[in-house]
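Only one structure is covered here, and it is reproduced in the block below.
Every read-out reported here was derived from the displayed coordinates using simple, explicitly stated rules and does not represent laboratory data. Predicted, not measured: the structure shown is a model, and the values here were computed from it. Every residue, glycine among them, receives a Cβ derived from its backbone with ideal geometry; neighbour counts consider all protein chains shown.
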Amino acid sequence: MQTFDTLTNFVTVNSLLLTAILALQSAPADSVTMTVPLGEVSVTAIKSGRAGMDMSPVSATMVGESEAQRLGIITMKGVSEIAPNFYIPDYGSRMTSSIYVRGIGARIDQPSVGLCVDNVPFLNKDNYDFDLVDIESIEVMRGPQSTLYGRNSMAGTVNVTTLSPLRRQGVRILAEGGTGGTARAAAGIYARLLPRLGMSLTADFHYTHGYFTNTYNNSRADSEEGGSLRWKTSWRPSPSVMVENTAAITMSAQHGYPYAWEKTGTIAYNDTCFYRRTGITDGLTVKWSGSNISVSSITSFQYIDDNMTLDQDFLTDSYFTLTQKRREWALTQDVVAKGTAGRYSWLAGLFGFYRHTGMDAPVTFKTDGIANLITGHRNEMNPVYPVTWDSDIFPLYSTFTMPSGGFAAYHRSSVELGRFTLAADLRLDIEHTRLDYLSQCHATYTIHDLTDPGNPTVYSQPTIDIDNPGSLSRTFVQLLPKLSLTWRIPQLHRSIAYASVAKGYKSGGYNTQMFSDVLQQQVMAQMGVTSKYDISEIVSYDPESSWNYEIGAHISNKSGTLTADAALFWIECRDQQLTMFPDGVTTGRIMANAGRTRSRGVELSARWRIIRSITMQGAWGYTDARFTRFFNGITDFSGCRVPYAPSNTLFAGATWHHSFPGGSLIDRIETNINVRGIGDIWWDEANTRRQPFYAQLGASVRISRGCWSIDIWGENLTDTRFDTFSYISIGNTFMQRGKPARAGITLRIALEDLLNNPIFN
């Protein structure tokens, strides 16, 4: 009933906002002519300046539709390395959406990089990794975007735009097959139902048999299937009003995790592993534009239902398993107004969200886990009265309810002073979060009496009965300023140099994955072993904040054949949130706050159309991210590099195309060759383990004629061997290998004229 009421309120709010904005139209409905040309209507640039991204004081990379197709980009992971200092490792499951930008990132909990798809801000990074068909553009902005996009964007923001049915009509079909038993199929219908109303319906399905084998049972450790359905509506009831709604459902099922044990180099685990997720999103954008002012409303509903089940020791031994079942829904509302008055421009907005998460996360100890992690420790301390467990399994139950909500008000003022533009941003961000938890475990064990070794007896049979409910809450308040100065370079077409200083922010939270460790320690305490965890201390972690100092330039020649971007940055970060494994033989992960870190680096990118048929592009990012103050109570890590964030990202590519005269067998051929490089990556705070720099070679050939095209492509053609992830669990080191050499064929059919005319007059 609560969810139904929430959805009802969501629809009501949308209706009221739409009615209010439609009322702002300057012309009555009967005076609107149906022959007004639509042009390139878009509602995606709501928060950008009037000069465009290439003239804005921000380090950004744009990937268009043709480039996304050429490089096979269907998720954010495909943009990794193309944007300098932007890295998304491909490991684990689709729940693992770790993004690292300029030495800042997050493996669990709150993201450091925001994601917006058709204006909808995704609140949970566990729902970031999904396939998108018919991408129109991907925009990657690096550096703090917190003043306009909120707390999840302290390292950057990614804006994804899908094709609009007002700009494209027809039927689009995709079929793909590749190595690893990979198959993909997608279809989309884009129709203009009325001169001002367009709708599209797209669907896709994908499957992969995988590349890695679990040698314990000879099953695939990385097989996956999934699909999505997206319904997009674009409506322009008058020249001044644009309405766009995108509703989508995505489903994914993965059947394992390809984590190999370092000692053997093989993947071998005995318990079931899988990740399943269903995600639903709906976003409504309404924009009214006047002569010098515009008002936009962005309303969204988001829902996630997922289940992660792990053999958490990833060995053939029976240590313990973890299941995390979650249901989460969220509402967001963003109202943005912006306008101009001569040389002065401004933007103001109000943002609010509410999110409700329910989670069950039991950890089940099995025979080896009970013997090595519980009874073994107890018997080392008191061998005369050893204990044995009365059951082969020992479940630790944890149930969580996590409601959170927030409000923000933000503003930007910008004034042009000749060739200079001065801009100042300010955001007030308020968030409240609560954790209601219930931790339980029930078991019996037997204490034996060995005081007379020749005549052992049963001393007693105690019962463990722990039932710990509790509640924690925190409120976070932040002021987030940004100041930038832009200089338009004379005698260069659309070229600027800029300097900026901005504060980034990410709120604090709770370490729910540590509750199994807390329960384990409470069990040990009842057995006479001192407990070392305090719930209030181990469960909470503090907000993370940073100051980003940056200078850069966007250069373009008059013909547009050469564009180049450069940036130098220095970031001072306080209380950086790091995912760590506590010392010793433990079962959980913890989000800890490093005292202070410092990141400095450079970003360079360029695109050059040498001649009409040849284009070259390249991007390089370097980051030196180190702890300047971090003592975890045992070791001082000052001077060590921040783990998981790469020192270098590299992308270089060249494209050649040739068009054939009419009557030829094919119309056009296009070839592309590219190199992606990453490294070094350190796997621990002490910098004892690392992945050295590595590079992967990719290539593709496209043949097209009329409405169809065929791509023959290959990735990691040199079969480079590398690790995408490494970690330590219960004293053992594991890693995931990168995917080997792979290839495939993609067929695309675009019947652009099939639905080109309105079906209604």
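Does the stretch 444-537 come out rounded, prolate or oblate by the C-alpha gyration tensor, with a ≥ b ≥ c the root eigenvalues, rounded set by a/c under 1.5 and, if not, prolate when a/b is larger than b/c and oblate if not? Judged from the Cα gyration tensor, the stretch 444-537 comes out prolate (a/c at least 1.5, a/b above b/c).
Computed over the alpha-carbon atoms, the stretch 307-433 gives an Rg to Rh ratio of 1.38, Rh here being the Kirkwood radius from the mean inverse distance.
The packing ranking of peptides 519-527, 462-470, highest mean first, is 519-527, 462-470, where packing means the average number of other beta carbon atoms within 10 angstrom of each residue. With both residues required to sit in the stretch 323-414, DSSP beta bridges show an antiparallel share near 100%.
Beta bridges assigned by DSSP with both partners in the stretch 56-203 are antiparallel in approximately 85 percent of cases. For the stretch 469-576, the residue among GLY552, GLN478, ILE571 whose Cα projects farthest onto the positive side of the dipole built from Cβ charges is GLY552. For the stretch 268-343, the C-alpha radius of gyration sits at 2.02 times the compact-globule guess of 2.2 N^0.38 Å, with N the residue count.
Since only SER228, VAL518, TYR410 are under comparison, the one whose Cα sits farthest along the positive direction of the charge dipole of the chain, derived from C-beta charges on Lys, Arg, Asp and Glu, is TYR410. Taking 0.36 nm per residue of separation and subtracting the current Cα-Cα distance, fully stretching the chain between ILE749 and PHE660 would add 30.1 nm. Counting only residues at least eight positions apart within a chain, or on another chain, the lysines with an alpha carbon under 25 Å from that of LYS366 are LYS263, LYS325, LYS532. Under the simplified labelling scheme, the SER613-ILE280 pair shows an inter-label distance of 5.3 nm, with each label point 7 Å from Cα along Cα→Cβ.
With a Förster radius of 22 Å, plug the Cβ-Cβ distance of ARG488 and TYR549 into 1/(1 + (r/R0)^6) and report the FRET value to the nearest 0.05. According to the calculation, E is roughly 0.50. The stretch between ALA652 and ALA741, if pulled fully straight at 0.36 nm per residue, gains 30.2 nm over its current Cα-Cα span. Rounded to two decimals, the Cα radius of gyration of the stretch 193-253 over 2.2 N^0.38 Å is 1.90. Ranked by the mean number of other Cβ atoms within 10 Å of their residues, highest first, the peptides 161-174, 666-679 come out as 161-174, 666-679. Other residues lying with their Cβ under 10 Å from the Cβ of PRO84 contribute a combined charge of -1, Lys and Arg counting +1, Asp and Glu -1.
Quotient of the Cα radius of gyration of the chain and 2.2 N^0.38 Å, N being its number of residues: 1.02.
If you plug the beta carbon distance of ALA175 and ILE249 into 1/(1 + (r/R0)^6) with R0 = 22 Å, you get a FRET efficiency near 0.50. The long axis of helix 2-22 is offset from the longest Cα principal axis of the chain by roughly 20 degrees. Calculate how steeply helix 515-526 sits against the longest principal axis of the alpha-carbon atoms of the chain, using the helix alpha-carbon long axis, and give the answer as 0 to 90 degrees to the nearest 10. With both axes taken from Cα atoms, the answer is about 10 degrees.
With neighbours defined as other Cβ atoms within 10 Å of a residue's Cβ, the residues ARG607, ARG94 order from fewest to most as ARG607, ARG94.
Using R0 = 35 Å, the C-beta based FRET efficiency linking ALA606 and HIS209 works out to 0.35. Taken along the Cα-to-beta-carbon direction at a fixed 7 Å, the label points for SER289 and THR671 span 4.3 nm.
With the cut-off at 1.5 for a/c, could you classify the stretch 130-266 from its C-alpha gyration tensor as rounded, prolate or oblate? Here the stretch 130-266 falls in the oblate category. For the stretch 628-751, a simple Cβ point-charge model (Lys and Arg +1, Asp and Glu -1, everything else neutral) yields a dipole of about 180 debye relative to the Cα centre. Among 546-552, 258-264, 143-149, the peptide with the highest mean count of other Cβ atoms within 10 Å heads the list, and the full ranking is 143-149, 546-552, 258-264. Paramagnetic label reach from VAL384 (point 7 Å along Cα→Cβ; backbone nitrogen cut-off under 19 Å): within the stretch 453-467, residues 453-461.
Taking amide H as placed 1.01 Å from N in the peptide plane, the amide H of CYS640 sits under 5 Å from that of PHE627, each at least 5 places away or on another chain. Normalised by the number of residues in the chain, the mean separation of alpha-carbon contacts (under 8 Å, six or more apart) gives a relative contact order of 12 percent. If only the Cβ of Lys and Arg carry +1 and only the Cβ of Asp and Glu carry -1, the dipole of the chain around its Cα centre is close to 3140 debye.
What is the dipole size for the stretch 309-463, taken about its Cα centre, with +1 at each Lys and Arg Cβ and -1 at each Asp and Glu Cβ, in debye to the nearest 20? Value, rounded to 20: 1260 debye. Label HIS448 and LYS325 with points 7 Å out from Cα along Cα→Cβ: what is the distance between them in nm? Placing both labels 7 Å along Cα→Cβ, they lie 3.8 nm apart.
Note on the chain: dipole from Cβ charges, positive end direction compared against ILE393, THR720, ALA253; the farthest Cα belongs to THR720. With q set to 0.15, 0.23, 0.29, 0.31 Å⁻¹, the log10 of I(q)/I(0) for the stretch 271-310, from the Debye formula over equal scatterers at the Cα positions, is -0.57, -0.79, -0.92, -0.97.
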